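Below is one structure, written out as structure tokens; the observations come after it.
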Amino acid sequence: MKLRQNHNTAGFSMGEMVVVVGITSALFAAAFASSISLQQSLAGVDDFFSTHLQQIRIIDYLSRDVKRSYSVTTSVDKLTVTCTIPNYVIQAGDSDAGVGNANVGKRRTPTITPTANGAVIDYGTGTSSVIYALNNQTITRTENGVLTTIAASTDSLVPETIDTELANTEYTSSTVTFMPKFHGHGNGNGQGQTDPSRTGTTVFAKAYLRNKRRG
Amino acid sequence: MRMRFQGRYEDGFTLTELMTSVVLLAGFFGSVFELNTVCLRYVNASKENVAAIQGVQDRLEVLRSLAFTDLTSTSYMTTLLTTPSNSAALAQRAVETVKLSDYIAGSPSVTYTRAAGANVTPTISWSGGASFPSTTTLLRVNVRYDWTTTFAGRSRSEQTESLISAGIKK
């Protein structure tokens, strides 16, 4: 009997295998790297939107308090804003609370005195102090000693406010910036206030004091 | 002498097969990165929308605080509208339209149109008269931004409206 010779022993040479494995590895590496980059990019986009909402919320808070203030002062570094707000609502213990605190919860009616520089509005009682400040990564609002955290994040949110007082009115110009996850410019650590990646996120807002309005 | 293994290594991919695979790969990676690009453009579009909302609000905030005589003064308004409502880049890219009209009558009305730019004198268009009569004590104020988005070059607009009265406000 003659044994049948097996002709199916042909395979790939070492050279072919090396080339194929090399190309396949490169393709997988590219696919893997691009997949990770995409995930990071999508996470960055998601983070951008959520921080964007925080910016708007901060502006909303600040504008509301500025608009109802008697006066506003800002620190030199523009990071601390102090609002002096009249007590619009009668509270227990106030001189005008009435017998049995009958007037508690009611809104006060101001006296309005026209002057050459607009109206002077007086609610007749004490005032509340609201202070906005940036402490480390946290933006806080303190009203008569009661502290509320407005925003706390690792996005390095920075609110800056300038107060402008004119003869017959007063307003604040505020900006809120943050450091996006992806940034390719600036001083390397991305924390500089003039970093292009940061300035590109700026939200602007202007608020006039309602109690210092021209007639 | 006959070569051993003659023709064994002639098997391979044809140019068509190679081109097909390259095109498929390019299409795959292209679509993946296009998706990423669209995401980044959405960020840009979102920034523009927020800037527009803040822009019209800031303008209205200024108008609301004006003396009523200044609000109804064409020369004062022209000077005021020369500069954009705030420092955002979009405020200089958008076409800003401010329309003041007598409330409730709706007439007369004046429309200031500020073209895009850093320092632009607005055009003025009156309807139903050439000035507000002294009897006008309430104005409807409409502020509108129109701009072309960086996202696909679409036209977008944002507007806000309010009533502003004469007299001492609080």
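B:T74 meets all of the listed conditions (1) surrounded by fewer than 19 Cβ atoms within 10 Å (Cβ to Cβ); (2) free of Cβ contacts under 8 Å to residues at least 60 places away in the same chain; (3) within 23 Å of A:H52 (Cβ to Cβ) but one, namely (3). Would you say B:L15 is without any contact (Cβ under 8 Å) to a residue 12 or more places away in the chain, facing chain A (nearest Cβ under 9 Å), surrounded by fewer than 15 Cβ atoms within 10 Å (Cβ to Cβ) and aliphatic (A, V, I, L, M)? In short, no.
Yes/no per residue for (1) under 23 Å from B:D58 (Cβ atoms); (2) within 13 Å of chain B (Cβ to nearest Cβ); (3) at pLDDT below 90; (4) touching an Asp or Glu at 6+ places or on another chain (Cβ under 8 Å):
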| site | (1), (2), (3), (4) |
| --- | --- |
| A:A133 | no, no, no, no |
| A:T142 | no, no, no, no |
| A:A152 | no, no, yes, no |
| A:H185 | no, no, yes, yes |
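The residues in the stretch A:38-73 that are of a type in the set (F, W, Y) and closer than 21 Å to A:P86 by Cβ can be counted, and the count is 2. Could we say that B:T79 is under 30 Å from A:V19 (Cβ atoms) and either over 22 Å from the mean Cα position of the chain (by Cα) or facing another protein chain (nearest Cβ under 10 Å) (or both) here? Here the answer is no, as B:T79 does not meet what is asked.
Checked against the criterion of being among the hydroxyl-bearing types (S, T, Y), more than 14 Å from chain B (Cβ to nearest Cβ), more than 19 Å from the chain's Cα centre (by Cα) and in a helix (DSSP H, G or I), the stretch A:17-35 contains one or more residues that satisfy it.
Under the condition of being without any contact (Cβ under 8 Å) to a residue 60 or more places away in the chain and of a type in the set (D, E), the residues counted in the stretch A:22-65 number 2. Scanning the stretch A:117-137 for residues being without any contact (Cβ under 8 Å) to a residue 12 or more places away in the chain and among the aliphatic types (A, V, I, L, M) gives a total of 1.
When the strands (runs of 3 or more DSSP E) confined to the stretch B:83-170 are screened for residues that are within 14 Å of chain A (Cβ to nearest Cβ) and surrounded by 18 or more Cβ atoms within 10 Å (Cβ to Cβ), those reaching at least 1 such residues are found at B:138-148, B:155-165.
The values are calculated or read from the model by the stated rules, or taken from the named source; none is laboratory data. Because the structure is a prediction, the values reported are computed rather than measured. Positions of Cβ are generated from backbone atoms using ideal geometry, with glycine treated the same way; all protein chains shown enter the neighbour counts.
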